[in-house]
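Colleague: A single structure is presented below for examination.
The values are calculated or read from the model by the stated rules, or taken from the named source; none is laboratory data. Not measured: the values here are computed from a predicted model. Here Cβ is always computed from backbone atoms with ideal geometry, including for glycine, and neighbour counts include all displayed protein chains.
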Amino acid sequence: MASGKNAIGLDIGSSSIKIIQLKETSRGVHLLNFDMAILPPEAVVDGAIMNFTAVVEKVRELIAVNRIRNKDTALVISGHNVIVKKINLPEMTREELNESIQWEAEQYIPFDIKDVEVDVEILNPRAGQGQMEVLLVAAKKDIINDYESVAREAGLRPVVMDVGCFTIQNAFELNYGFPSNEVIALINVGAAVININIVANGVSAFTRDINMGGQMLTEEIQKQLNVSYEEAEHYKTGGEGTISSSSIYREVQKLAERVSETLVTEIQRSIDFFAATTINLDISKVYLSGGSAQIPALIRSLERRLAVPVELVNPFKNIAVDPKKFDLDLLQRMAPMAAVAVGLGLRRADEK
Ligand SMILES: Nc1ncnc2c1ncn2[C@@H]1O[C@H](COP(=O)(O)OP(=O)(O)OP(=O)(O)O)[C@@H](O)[C@H]1O
Ligand SMILES: [Mg+2]
(Lines give C-alpha, C1' and ligand atoms only; values in the text may rest on other atoms or scores of the structure.)
(Ligands and ions follow the chains in the order given, each with its own letter.)
Protein backbone atom coordinates (compact mmCIF):
# COMPACT_ATOMS: atom_id res chain seq x y z
CA MET A 1 0.00 0.00 0.00
CA ALA A 2 1.41 3.34 -1.01
CA SER A 3 1.82 6.01 1.62
CA GLY A 4 0.07 9.32 1.41
CA LYS A 5 -3.50 10.46 1.46
CA ASN A 6 -6.39 9.16 -0.53
CA ALA A 7 -7.27 11.27 -3.52
CA ILE A 8 -10.72 12.77 -3.79
CA GLY A 9 -12.71 10.56 -6.17
CA LEU A 10 -14.66 12.50 -8.77
CA ASP A 11 -16.85 10.38 -11.05
CA ILE A 12 -18.44 12.50 -13.75
CA GLY A 13 -21.10 10.22 -15.22
CA SER A 14 -23.61 11.04 -17.91
CA SER A 15 -26.55 11.32 -15.51
CA SER A 16 -24.86 12.45 -12.32
CA ILE A 17 -21.60 13.41 -10.63
CA LYS A 18 -20.40 11.51 -7.59
CA ILE A 19 -17.76 12.78 -5.21
CA ILE A 20 -16.10 10.76 -2.49
CA GLN A 21 -13.43 11.13 0.14
CA LEU A 22 -12.09 8.03 1.85
CA LYS A 23 -9.50 7.66 4.56
CA GLU A 24 -7.45 4.51 4.77
CA THR A 25 -5.92 3.75 8.14
CA SER A 26 -4.43 0.63 9.69
CA ARG A 27 -7.91 0.00 11.11
CA GLY A 28 -9.64 0.07 7.75
CA VAL A 29 -11.27 2.42 5.32
CA HIS A 30 -13.48 5.27 6.55
CA LEU A 31 -15.99 7.32 4.64
CA LEU A 32 -15.34 11.02 5.11
CA ASN A 33 -17.60 12.27 2.31
CA PHE A 34 -19.94 10.99 -0.34
CA ASP A 35 -22.44 12.93 -2.35
CA MET A 36 -24.09 13.07 -5.76
CA ALA A 37 -25.42 15.79 -8.02
CA ILE A 38 -27.85 15.11 -10.85
CA LEU A 39 -26.79 16.58 -14.20
CA PRO A 40 -29.15 18.10 -16.73
CA PRO A 41 -29.72 15.90 -19.80
CA GLU A 42 -27.04 16.17 -22.50
CA ALA A 43 -24.47 17.79 -20.17
CA VAL A 44 -22.25 14.76 -20.76
CA VAL A 45 -22.77 12.86 -23.99
CA ASP A 46 -20.74 9.78 -24.94
CA GLY A 47 -18.25 10.69 -22.24
CA ALA A 48 -17.66 14.13 -23.75
CA ILE A 49 -18.42 17.17 -21.61
CA MET A 50 -20.94 19.16 -23.64
CA ASN A 51 -22.10 21.62 -21.01
CA PHE A 52 -18.85 22.60 -19.32
CA THR A 53 -20.38 25.36 -17.20
CA ALA A 54 -23.13 23.15 -15.78
CA VAL A 55 -20.70 20.37 -14.89
CA VAL A 56 -18.21 22.72 -13.23
CA GLU A 57 -21.04 24.38 -11.33
CA LYS A 58 -22.23 21.02 -9.93
CA VAL A 59 -18.70 20.02 -8.91
CA ARG A 60 -18.24 23.36 -7.14
CA GLU A 61 -21.52 22.87 -5.30
CA LEU A 62 -20.53 19.38 -4.20
CA ILE A 63 -17.19 20.66 -2.88
CA ALA A 64 -18.81 23.57 -1.05
CA VAL A 65 -21.76 21.69 0.47
CA ASN A 66 -19.54 18.87 1.70
CA ARG A 67 -16.75 21.24 2.78
CA ILE A 68 -14.11 19.28 0.89
CA ARG A 69 -10.68 20.85 1.32
CA ASN A 70 -8.39 18.31 -0.31
CA LYS A 71 -7.43 19.17 -3.86
CA ASP A 72 -5.74 16.07 -5.23
CA THR A 73 -8.33 14.29 -7.32
CA ALA A 74 -8.75 11.00 -9.14
CA LEU A 75 -10.89 11.11 -12.28
CA VAL A 76 -12.31 8.35 -14.43
CA ILE A 77 -13.14 7.79 -18.08
CA SER A 78 -15.04 4.94 -19.74
CA GLY A 79 -16.62 3.87 -22.98
CA HIS A 80 -15.13 4.14 -26.43
CA ASN A 81 -12.89 7.04 -25.45
CA VAL A 82 -10.55 4.55 -23.84
CA ILE A 83 -9.01 1.34 -25.11
CA VAL A 84 -7.74 -1.36 -22.77
CA LYS A 85 -5.88 -4.27 -24.35
CA LYS A 86 -3.57 -7.04 -23.27
CA ILE A 87 -0.85 -7.44 -25.86
CA ASN A 88 2.30 -9.50 -26.26
CA LEU A 89 5.55 -7.75 -27.09
CA PRO A 90 9.12 -9.02 -27.34
CA GLU A 91 10.79 -9.06 -23.90
CA MET A 92 12.37 -5.71 -23.13
CA THR A 93 13.23 -3.47 -20.20
CA ARG A 94 10.85 -0.87 -18.84
CA GLU A 95 13.02 1.84 -20.42
CA GLU A 96 12.91 0.15 -23.81
CA LEU A 97 9.15 -0.26 -23.46
CA ASN A 98 8.69 3.43 -22.64
CA GLU A 99 10.66 4.35 -25.73
CA SER A 100 8.92 2.01 -28.13
CA ILE A 101 5.34 1.98 -26.85
CA GLN A 102 4.17 4.95 -28.85
CA TRP A 103 5.23 3.12 -31.97
CA GLU A 104 4.12 -0.36 -30.85
CA ALA A 105 0.71 0.87 -29.72
CA GLU A 106 -0.20 2.31 -33.08
CA GLN A 107 -1.40 -0.97 -34.59
CA TYR A 108 -3.72 -1.70 -31.64
CA ILE A 109 -5.48 1.63 -31.51
CA PRO A 110 -8.27 2.69 -33.85
CA PHE A 111 -7.43 6.38 -33.37
CA ASP A 112 -4.55 8.50 -34.58
CA ILE A 113 -1.71 7.87 -32.11
CA LYS A 114 -1.18 11.64 -31.86
CA ASP A 115 -4.68 12.01 -30.39
CA VAL A 116 -4.22 9.54 -27.55
CA GLU A 117 -2.40 9.32 -24.27
CA VAL A 118 -0.83 5.87 -23.94
CA ASP A 119 0.04 4.07 -20.73
CA VAL A 120 1.50 0.59 -20.25
CA GLU A 121 1.94 -1.86 -17.45
CA ILE A 122 4.00 -5.05 -17.66
CA LEU A 123 1.72 -7.88 -16.51
CA ASN A 124 4.08 -10.76 -17.10
CA PRO A 125 7.70 -10.03 -18.01
CA ARG A 126 8.25 -13.65 -19.14
CA ALA A 127 5.19 -14.91 -20.98
CA GLY A 128 7.25 -17.49 -22.91
CA GLN A 129 8.89 -17.60 -26.33
CA GLY A 130 10.76 -14.37 -25.69
CA GLN A 131 7.51 -12.49 -25.22
CA MET A 132 6.12 -10.45 -22.37
CA GLU A 133 2.51 -9.63 -21.58
CA VAL A 134 1.66 -5.95 -21.39
CA LEU A 135 -1.50 -4.05 -20.52
CA LEU A 136 -2.00 -1.19 -22.91
CA VAL A 137 -4.33 1.67 -22.00
CA ALA A 138 -4.97 4.43 -24.49
CA ALA A 139 -7.34 7.33 -23.96
CA LYS A 140 -8.31 10.24 -26.15
CA LYS A 141 -6.36 13.37 -25.23
CA ASP A 142 -9.29 15.74 -25.78
CA ILE A 143 -11.49 13.73 -23.39
CA ILE A 144 -8.76 13.60 -20.71
CA ASN A 145 -8.36 17.31 -21.20
CA ASP A 146 -12.11 17.92 -20.75
CA TYR A 147 -12.21 16.06 -17.42
CA GLU A 148 -9.03 17.66 -16.12
CA SER A 149 -10.29 21.09 -17.10
CA VAL A 150 -13.54 20.57 -15.20
CA ALA A 151 -11.58 19.53 -12.10
CA ARG A 152 -9.20 22.49 -12.35
CA GLU A 153 -11.98 24.96 -13.03
CA ALA A 154 -13.70 23.70 -9.88
CA GLY A 155 -10.53 24.31 -7.89
CA LEU A 156 -9.26 20.71 -7.78
CA ARG A 157 -5.92 19.27 -8.82
CA PRO A 158 -6.23 16.21 -11.10
CA VAL A 159 -3.56 13.66 -10.14
CA VAL A 160 -4.95 10.28 -11.26
CA MET A 161 -6.87 9.30 -14.39
CA ASP A 162 -8.49 5.91 -13.94
CA VAL A 163 -10.54 3.64 -16.18
CA GLY A 164 -14.11 2.56 -15.31
CA CYS A 165 -13.61 -1.20 -15.41
CA PHE A 166 -10.59 -1.00 -13.08
CA THR A 167 -12.35 1.22 -10.54
CA ILE A 168 -15.11 -1.37 -10.06
CA GLN A 169 -12.46 -4.05 -9.59
CA ASN A 170 -10.75 -2.04 -6.83
CA ALA A 171 -14.06 -1.25 -5.16
CA PHE A 172 -15.04 -4.91 -5.27
CA GLU A 173 -11.71 -6.10 -3.87
CA LEU A 174 -12.03 -3.84 -0.84
CA ASN A 175 -15.54 -4.98 -0.04
CA TYR A 176 -15.66 -8.62 -1.01
CA GLY A 177 -12.09 -9.74 -1.75
CA PHE A 178 -11.48 -12.06 -4.67
CA PRO A 179 -12.16 -15.73 -4.09
CA SER A 180 -9.39 -17.95 -5.43
CA ASN A 181 -10.28 -20.52 -8.07
CA GLU A 182 -13.30 -18.56 -9.08
CA VAL A 183 -14.22 -16.52 -12.10
CA ILE A 184 -16.61 -13.68 -11.51
CA ALA A 185 -18.00 -10.97 -13.75
CA LEU A 186 -18.19 -7.41 -12.43
CA ILE A 187 -20.75 -5.47 -14.43
CA ASN A 188 -21.49 -1.79 -13.86
CA VAL A 189 -24.55 -0.57 -15.73
CA GLY A 190 -24.70 3.21 -15.73
CA ALA A 191 -26.78 5.60 -17.79
CA ALA A 192 -24.73 5.52 -20.97
CA VAL A 193 -21.96 2.97 -20.44
CA ILE A 194 -21.73 -0.63 -19.27
CA ASN A 195 -18.33 -1.60 -17.80
CA ILE A 196 -17.52 -5.30 -17.75
CA ASN A 197 -14.52 -6.78 -15.96
CA ILE A 198 -14.18 -10.55 -15.73
CA VAL A 199 -11.85 -11.44 -12.89
CA ALA A 200 -10.28 -14.88 -12.55
CA ASN A 201 -8.45 -15.68 -9.29
CA GLY A 202 -8.25 -12.01 -8.47
CA VAL A 203 -6.73 -11.05 -11.81
CA SER A 204 -8.60 -9.21 -14.53
CA ALA A 205 -8.93 -11.60 -17.48
CA PHE A 206 -11.15 -9.52 -19.75
CA THR A 207 -12.52 -6.00 -19.86
CA ARG A 208 -15.02 -4.41 -22.19
CA ASP A 209 -17.09 -1.25 -22.20
CA ILE A 210 -20.38 -1.09 -24.06
CA ASN A 211 -21.79 2.31 -24.99
CA MET A 212 -25.29 1.62 -23.77
CA GLY A 213 -27.10 1.90 -20.46
CA GLY A 214 -30.22 2.81 -18.55
CA GLN A 215 -30.55 6.04 -20.49
CA MET A 216 -32.02 3.90 -23.25
CA LEU A 217 -34.98 3.18 -20.96
CA THR A 218 -35.39 6.86 -20.09
CA GLU A 219 -35.48 7.67 -23.80
CA GLU A 220 -38.04 4.93 -24.50
CA ILE A 221 -40.30 6.20 -21.70
CA GLN A 222 -39.98 9.75 -23.02
CA LYS A 223 -40.94 8.60 -26.50
CA GLN A 224 -43.73 6.15 -25.66
CA LEU A 225 -45.35 8.19 -22.89
CA ASN A 226 -44.60 11.53 -24.48
CA VAL A 227 -43.06 12.97 -21.31
CA SER A 228 -39.97 15.02 -20.44
CA TYR A 229 -36.59 13.59 -19.43
CA GLU A 230 -37.27 14.48 -15.79
CA GLU A 231 -40.70 12.84 -15.79
CA ALA A 232 -39.32 9.74 -17.50
CA GLU A 233 -36.57 9.46 -14.86
CA HIS A 234 -39.24 9.86 -12.18
CA TYR A 235 -41.42 7.05 -13.54
CA LYS A 236 -38.44 4.84 -14.16
CA THR A 237 -37.10 5.03 -10.64
CA GLY A 238 -40.52 4.31 -9.18
CA GLY A 239 -41.12 7.83 -7.91
CA GLU A 240 -44.37 9.07 -6.45
CA GLY A 241 -47.47 8.53 -8.55
CA THR A 242 -46.18 5.31 -10.03
CA ILE A 243 -48.16 2.90 -7.88
CA SER A 244 -48.13 -0.61 -9.22
CA SER A 245 -51.78 -0.57 -10.29
CA SER A 246 -51.44 2.40 -12.63
CA SER A 247 -51.27 2.01 -16.38
CA ILE A 248 -48.09 4.13 -16.45
CA TYR A 249 -46.44 1.65 -14.15
CA ARG A 250 -47.41 -1.25 -16.39
CA GLU A 251 -46.19 0.54 -19.50
CA VAL A 252 -42.86 1.37 -17.83
CA GLN A 253 -42.48 -2.27 -16.79
CA LYS A 254 -43.06 -3.39 -20.34
CA LEU A 255 -40.46 -0.97 -21.66
CA ALA A 256 -38.03 -2.01 -18.92
CA GLU A 257 -38.37 -5.65 -20.01
CA ARG A 258 -37.68 -4.75 -23.61
CA VAL A 259 -34.70 -2.47 -22.94
CA SER A 260 -33.25 -4.99 -20.48
CA GLU A 261 -33.29 -7.65 -23.18
CA THR A 262 -31.36 -5.32 -25.49
CA LEU A 263 -28.76 -4.49 -22.84
CA VAL A 264 -28.37 -8.12 -21.78
CA THR A 265 -27.95 -9.22 -25.41
CA GLU A 266 -24.95 -6.89 -25.68
CA ILE A 267 -23.54 -8.05 -22.34
CA GLN A 268 -23.95 -11.64 -23.39
CA ARG A 269 -22.09 -11.00 -26.63
CA SER A 270 -19.08 -9.77 -24.68
CA ILE A 271 -19.23 -12.71 -22.32
CA ASP A 272 -19.58 -15.17 -25.19
CA PHE A 273 -16.53 -13.58 -26.78
CA PHE A 274 -14.62 -14.00 -23.53
CA ALA A 275 -15.74 -17.64 -23.25
CA ALA A 276 -14.71 -18.36 -26.84
CA THR A 277 -11.21 -16.96 -26.32
CA THR A 278 -10.37 -18.61 -23.01
CA ILE A 279 -10.43 -22.19 -21.81
CA ASN A 280 -11.67 -23.54 -18.51
CA LEU A 281 -12.90 -20.22 -17.26
CA ASP A 282 -16.57 -20.50 -16.37
CA ILE A 283 -18.15 -17.51 -14.72
CA SER A 284 -19.72 -18.56 -11.43
CA LYS A 285 -21.33 -15.30 -10.46
CA VAL A 286 -22.17 -11.80 -11.64
CA TYR A 287 -21.75 -8.83 -9.30
CA LEU A 288 -23.81 -5.93 -10.51
CA SER A 289 -23.40 -2.23 -9.81
CA GLY A 290 -24.40 1.09 -11.40
CA GLY A 291 -27.69 2.94 -11.13
CA SER A 292 -29.32 0.76 -13.77
CA ALA A 293 -28.57 -2.35 -11.69
CA GLN A 294 -31.76 -1.29 -9.91
CA ILE A 295 -33.93 -2.21 -12.86
CA PRO A 296 -35.49 -5.50 -11.66
CA ALA A 297 -36.12 -6.68 -15.23
CA LEU A 298 -32.39 -6.32 -15.97
CA ILE A 299 -31.40 -8.55 -13.07
CA ARG A 300 -33.98 -11.17 -14.05
CA SER A 301 -32.89 -11.12 -17.67
CA LEU A 302 -29.19 -11.41 -16.75
CA GLU A 303 -29.82 -14.37 -14.46
CA ARG A 304 -31.88 -16.14 -17.06
CA ARG A 305 -29.63 -15.53 -20.04
CA LEU A 306 -26.26 -16.06 -18.37
CA ALA A 307 -27.59 -18.83 -16.12
CA VAL A 308 -25.55 -17.67 -13.12
CA PRO A 309 -26.57 -15.95 -9.89
CA VAL A 310 -26.54 -12.15 -9.96
CA GLU A 311 -25.83 -10.16 -6.80
CA LEU A 312 -26.01 -6.41 -6.24
CA VAL A 313 -22.70 -4.97 -5.05
CA ASN A 314 -22.65 -2.87 -1.92
CA PRO A 315 -19.55 -0.68 -2.39
CA PHE A 316 -19.76 0.56 1.23
CA LYS A 317 -19.88 -2.94 2.74
CA ASN A 318 -16.37 -2.78 4.23
CA ILE A 319 -16.22 0.96 4.72
CA ALA A 320 -16.77 2.43 8.17
CA VAL A 321 -19.58 4.98 8.06
CA ASP A 322 -20.37 7.33 10.94
CA PRO A 323 -24.17 7.27 11.41
CA LYS A 324 -23.98 10.73 12.99
CA LYS A 325 -22.57 12.18 9.79
CA PHE A 326 -24.46 10.17 7.15
CA ASP A 327 -28.12 9.32 6.60
CA LEU A 328 -27.62 5.56 6.28
CA ASP A 329 -30.88 5.00 4.36
CA LEU A 330 -29.95 7.61 1.81
CA LEU A 331 -26.41 6.24 1.51
CA GLN A 332 -27.81 2.76 0.89
CA ARG A 333 -30.04 4.10 -1.84
CA MET A 334 -27.08 5.79 -3.52
CA ALA A 335 -24.83 2.74 -3.07
CA PRO A 336 -25.36 1.13 -6.50
CA MET A 337 -24.27 4.38 -8.14
CA ALA A 338 -21.19 4.69 -5.90
CA ALA A 339 -19.07 1.72 -7.00
CA VAL A 340 -16.93 3.66 -9.48
CA ALA A 341 -16.44 6.52 -7.00
CA VAL A 342 -15.36 4.12 -4.24
CA GLY A 343 -12.75 2.62 -6.57
CA LEU A 344 -11.50 6.13 -7.35
CA GLY A 345 -11.43 7.16 -3.70
CA LEU A 346 -9.06 4.28 -2.97
CA ARG A 347 -6.42 5.80 -5.23
CA ARG A 348 -3.57 7.68 -3.59
CA ALA A 349 -2.73 11.28 -4.27
CA ASP A 350 0.92 10.36 -4.80
CA GLU A 351 0.16 7.63 -7.35
CA LYS A 352 0.72 8.17 -11.01
N1 LIG B 1 -34.22 2.87 -8.91
C2 LIG B 1 -33.82 2.90 -10.17
N3 LIG B 1 -34.42 2.14 -11.11
C4 LIG B 1 -34.04 2.17 -12.38
N5 LIG B 1 -33.03 2.94 -12.86
C6 LIG B 1 -32.39 3.71 -11.98
C7 LIG B 1 -32.74 3.75 -10.60
N8 LIG B 1 -31.92 4.62 -9.98
C9 LIG B 1 -31.10 5.10 -10.94
N10 LIG B 1 -31.37 4.57 -12.14
C11 LIG B 1 -30.73 4.86 -13.42
O12 LIG B 1 -29.34 4.66 -13.31
C13 LIG B 1 -28.66 5.55 -14.21
C14 LIG B 1 -27.59 6.27 -13.41
O15 LIG B 1 -26.64 5.33 -13.01
P16 LIG B 1 -25.13 5.75 -12.78
O17 LIG B 1 -25.08 6.83 -11.78
O18 LIG B 1 -24.39 4.49 -12.49
O19 LIG B 1 -24.78 6.30 -14.23
P20 LIG B 1 -23.77 7.47 -14.61
O21 LIG B 1 -22.50 7.23 -13.88
O22 LIG B 1 -24.40 8.80 -14.39
O23 LIG B 1 -23.62 7.28 -16.16
P24 LIG B 1 -22.47 6.60 -17.05
O25 LIG B 1 -23.13 5.49 -17.79
O26 LIG B 1 -22.01 7.68 -17.95
O27 LIG B 1 -21.39 6.10 -16.15
C28 LIG B 1 -29.68 6.50 -14.77
O29 LIG B 1 -30.00 6.13 -16.08
C30 LIG B 1 -30.87 6.31 -13.82
O31 LIG B 1 -32.11 6.52 -14.45
MG1 LIG C 1 -20.93 5.92 -14.25
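Colleague: Is at least one residue of segment 171-184 surrounded by 24 or more Cβ atoms within 10 Å (Cβ to Cβ) and either among the polar types (S, T, N, Q) or within 12 Å of ligand 1 (Cβ to nearest atom) (or both)?
Modeller: The answer is no, given that none of the residues of segment 171-184 is surrounded by 24 or more Cβ atoms within 10 Å (Cβ to Cβ) and either among the polar types (S, T, N, Q) or within 12 Å of ligand 1 (Cβ to nearest atom) (or both).
Colleague: Which one of GLN215, GLN131, GLN169 is touching a strand residue (DSSP E or B) at 6+ places or on another chain (Cβ under 7 Å), more than 20 Å from PHE316 (Cα to Cα) and of a type in the set (S, T, N, Q)?
Modeller: Every option except GLN131 fails the conditions.
Colleague: Of the numbered conditions (1) within 10 Å of ligand 1 (Cβ to nearest atom); (2) farther than 23 Å from GLY345 by Cβ, VAL189 fails exactly one; give the number of that condition.
Modeller: Tallying (1) within 10 Å of ligand 1 (Cβ to nearest atom); (2) farther than 23 Å from GLY345 by Cβ, VAL189 fails exactly one: (2).
Colleague: Determine, yes or no, whether MET212 is within 14 Å of ligand 1 (Cβ to nearest atom) and more than 15 Å from the chain's Cα centre (by Cα).
Modeller: Spelling it out, it is not the case that MET212 is within 14 Å of ligand 1 (Cβ to nearest atom) and more than 15 Å from the chain's Cα centre (by Cα).
Colleague: Could you list, in sequence order, the residues of segment 317-347 that are within 15 Å of SER289 (Cβ to Cβ) and out of contact with any helix residue (DSSP H, G or I) (no Cβ under 6 Å at 6 or more places or on another chain)?
Modeller: Within segment 317-347, ILE319, LEU331, GLN332, ARG333, MET334, ALA335, ALA338, ALA341, GLY345 meet the criteria.
Colleague: Can you give me the ranges of the strands (runs of 3 or more DSSP E) entirely in segment 1-117 with at least 2 residues that are within 14 Å of ligand 2 (Cβ to nearest atom) and closer than 21 Å to VAL340 by Cβ?
Modeller: Per the criteria, 8-12, 16-25, 28-38, 72-77.
Colleague: Which numbered condition in (1) surrounded by 14 or more Cβ atoms within 10 Å (Cβ to Cβ); (2) modelled with pLDDT under 95; (3) in contact with an Asp or Glu (Cβ under 9 Å, 6 or more places away or on another chain) is the only one that ALA154 fails?
Modeller: (2)
Colleague: Can you pull out every residue in segment 287-321 that is under 15 Å from the mean Cα position of the chain (by Cα) and either over 15 Å from LEU263 (Cα atoms) or away from ligand 2 (no atom under 16 Å from the Cβ) (or both)?
Modeller: TYR287, LEU312, VAL313, ASN314, PRO315
Table: residues versus (1) at pLDDT 95 or above; (2) surrounded by fewer than 15 Cβ atoms within 10 Å (Cβ to Cβ).
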| residue | (1), (2) |
| --- | --- |
| ALA2 | no, yes |
| SER14 | yes, no |
| ILE20 | yes, no |
| GLY28 | yes, yes |
| ASP35 | yes, no |
| THR53 | yes, yes |
| LYS85 | no, yes |
| ASN98 | no, yes |
| ASP112 | no, yes |
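Colleague: Any idea how many residues of segment 76-133 are aromatic (Phe, Trp, Tyr) and in contact (Cβ under 8 Å) with a residue 12 or more places away in the chain?
Modeller: Final tally of qualifying residues: 2.
Colleague: Considering only helices (runs of 4 or more DSSP H) fully contained in segment 264-352, which possess at least 3 residues that are touching a residue at least 24 places away in the same chain (Cβ under 8 Å)?
Modeller: Output list reads 296-306, 339-345.
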